[in-house]
Amino acid sequence: MSAETLLRRTSAGRGRTDRIVFALCLIAGAIALVPLAAVLYYLLAEGLKAWSPSFLISKPGGITTKGGGIVNAIIGTLEMTGLGLVIAVPFGVAVALYVVEYRAGRMAIIVRTAVDLVAGIPSIVIGLFVYSLVVLTMGHFSGLAGAIALSLVMLPIIARTSEEMFKIIPRRLREGTMALGMPRWRALFAIYLPTVAAGIMTGIVLAVSRAVGETAPLLFTALGSNFVVTDITQPMSALPLYMFQNAQNIGFPAARERAWAAGLTLVAIVLIFNVLGRWLASRTQIRLLQR
Amino acid sequence: MTASTAPVEPTSPGGLVRRRRLSMGDPVLAWGVRILSWAALAAVVVMLIDTALNSAKILQHESILDFLFGTVWAPASTIYGAVPFIYGTVVSSVIALIFAVPLALGASLLVNEYLPARIGGPVAYAIELLAAIPSVVYGFWGILVLVPVLRPIQLAISESPLGTIPIFGGPAPGPSYFAAGIVLAVMILPIITSVARDAIRATPRLQREGALALGATHWETIRHVVLPFARGGIFAGIILGLSRAIGETIAVLFVIGNQPQIHASIFSPGYSLPAVIAGEFKEANQPFHPEALIALGVVLFVLSFAVNVAARYVVSGFEARAGGADVR
């Protein structure tokens, strides 16, 4: 066999392998897109049956009977996510500042590791933690316990994003504040925070998009409620809890329809926050790179 | 210096006082940040200890070995063994990895290497949106849509000659380790894909061009340049996906079948650690049942912690080796 034929044959084989790999990647990519399409299709097709604007603002009925809305779940989600943010944001930003600005050595590493640890804890275990500490102490389930559980879900996300933002504050800016003789606290409030505000906002939006959809941490903390509850010390519902409770009664067509409709609402909210968060993230990145 | 910071007349006595207050700002801020950070740390530590203490109450009932290695879970007769759940968690997570890893790798290569950014970007974005969908939605979709699709497939395999192998054996009623694995695969696919993409994207352009200039085909460039470089990152993505799969609760609860038993067949119903906590905690009224469930939570915590630590260790090993390769 001449060298030329050998070469031709091997390069034909190499070309074939190349095309086969491309085809396999194409198939993998196509399959990877199927679940999203399938989930969104069923949410829309099934969810729209029971969904209407009045579904959002009417009170829940019985689990087996037709009709009933999700106003209790929406109020619960708003209250618990809001309170969770009020708890998580100061702690998250403080942890980020502590780690980046006040390089406190060993303690900073410990705090950082603890927050990373929380990020790795399965959310059902966070629910158990809060049950053990808050619910058992209070003696009953409450929206407050749910909010604390959600704040633990959000804390690492906010701390991590803020930390990244503080880290990439341009050196020039830091040196500028020092050259002006600014005290640190003034530099922080007048220069650093406005600079990183967009980044912290990104963290908050992403954290909300995560927390709004969480069921597991709320199961043994907020518990759920079939009534419209605004008192944070009482058990309350949330969108994922509402969907979960209806989905558990899969045998009843009315509950099943409500679960799909609640799921549609939930996914819409989560996706809005998620898309917004990613958009903010890409924007801050670009602006910071340009600076 | 003083004149430029504060719009205060340095000569007036009030100015002096105010300047003094200004300088108080730093210690206040520093201590504020410190106290909030330490409080966050303390909260985490207190919660860990408190939960550990609560779960330790199970030891008044059975020994730690009986709990960890017990294969029977029968709350009605107050027997609590963790093995059925550890088994279910491991089996469903492994199935999830078997399906998700090749898909994620293929998809991330497709998006980064083959498709133009104009098309690849949106495809990657769509895959990553999967990560945003709440697990309760996956669970509900899983039991109503996915399980009915999987049921005939499971049945066909268990009745075919393959079914004589115990892991593919029948009966195959629908909800199963396998169904849980598939739902988990969908859920971790976006995580592995996005981490793998970042790793692949970080491959130095020069190395890539070097391989192409030597006459390597696209696949050979991927095989010998991109994949070795991105190995650590891809592995990190896989571990991240695994730790998500281990801790996933609600979606698994819907599709795994909720039977606290050990079955050889992946088509049999089972239970997982997080799912049993969610499924039984509220109705746990037998003696030591809640404590046993909290103890399962601690087992779950330790398991996912171990996976994370192992991941960090292995990834740092990869990075060290990659660094060594660069020097060479």
*Just one of (1) within 21 Å of B:ILE182 (Cβ to Cβ); (2) assigned to a helix (DSSP H, G or I); (3) more than 10 Å from every other protein chain (Cβ to nearest Cβ) trips up B:ALA306, so point out which.*
(1)
*Tell me which residues, restricted to the range A:109-134, are without any contact (Cβ under 8 Å) to a residue 12 or more places away in the chain and more than 8 Å from chain B (Cβ to nearest Cβ).*
A:ILE109, A:THR113
*Here are some residues: A:THR215, A:THR233, A:THR177. Which one is polar (S, T, N, Q) and surrounded by 22 or more Cβ atoms within 10 Å (Cβ to Cβ)?*
A:THR215
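Let's see how each residue does on (1) in contact (Cβ under 8 Å) with a residue 24 or more places away in the chain; (2) hydrophobic (A, V, I, L, M, F, W, C); (3) at positive phi:
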| position | (1), (2), (3) |
| --- | --- |
| B:ALA196 | yes, yes, no |
| B:GLN207 | no, no, no |
| B:ALA213 | no, yes, no |
| B:VAL226 | yes, yes, no |
| B:GLU248 | yes, no, no |
*Checking A:VAL86 against (1) under 24 Å from A:VAL205 (Cα atoms); (2) touching a helix residue (DSSP H, G or I) at 6+ places or on another chain (Cβ under 7 Å); (3) at pLDDT 95 or above, which test does it fail?*
(2)
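If I filter the range A:274-283 for residues that are within 30 Å of B:PRO27 (Cα to Cα), modelled with pLDDT under 95 and within 13 Å of another protein chain (Cβ to nearest Cβ), do I get at least one hit?
Within the range A:274-283, the first condition is being within 30 Å of B:PRO27 (Cα to Cα), and the residues that meet it are none.
There is no residue in the range A:274-283 that is within 30 Å of B:PRO27 (Cα to Cα), modelled with pLDDT under 95 and within 13 Å of another protein chain (Cβ to nearest Cβ).
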*Could you please let me know if A:ALA28 is at pLDDT 95 or above and in contact with a Pro (Cβ under 9 Å, 6 or more places away or on another chain)?*
yes
*Pick out the one residue from A:ALA45, A:ALA73, A:ALA96 that is in a helix (DSSP H, G or I) and not assigned by TED's automatic domain parsing to the domain that holds A:HIS140.*
A:ALA45
*Scan the range B:216-270 residue by residue and report those that are under 17 Å from B:ILE98 (Cβ atoms), among the small types (Gly, Ala, Ser), more than 12 Å from chain A (Cβ to nearest Cβ) and not in a loop (DSSP other than H, G, I, E, B).*
B:GLY237, B:GLY241, B:GLY270
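Filter the range A:30-47 down to the residues that are of a type in the set (Ser, Thr, Tyr) and more than 8 Å from chain B (Cβ to nearest Cβ) and list them by number. Working first, answer last.
From the range A:30-47, those of a type in the set (Ser, Thr, Tyr) are A:41-42; that's our starting set.
Hit for the range A:30-47 is A:TYR41, nothing else.
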_Yes/no for B:LEU53 being farther than 30 Å from A:VAL95 by Cα, at pLDDT below 95 and not in a loop (DSSP other than H, G, I, E, B)_ = no
_Residue under question is A:LEU83, and the condition is that it be free of Cβ contacts under 8 Å to residues at least 60 places away in the same chain, assigned by TED's automatic domain parsing to the domain that holds A:GLY213, closer than 23 Å to A:VAL208 by Cα and not in a loop (DSSP other than H, G, I, E, B); does it hold?_
no
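Would you list the helices (runs of 4 or more DSSP H) that sit entirely within the range B:101-197 and hold 2 or more residues that are surrounded by fewer than 19 Cβ atoms within 10 Å (Cβ to Cβ) and within 11 Å of chain A (Cβ to nearest Cβ)? Show your work before the answer.
On the way: elements: B:117-129, B:135-141, B:147-159.
Qualifying helices (runs of 4 or more DSSP H): B:117-129.
The values are calculated or read from the model by the stated rules, or taken from the named source; none is laboratory data. From a predicted model like this one, the values you see are computed outputs, not experimental measurements. Reconstructed Cβ throughout: ideal geometry from the backbone, glycine too, with neighbour counts over all protein chains shown.
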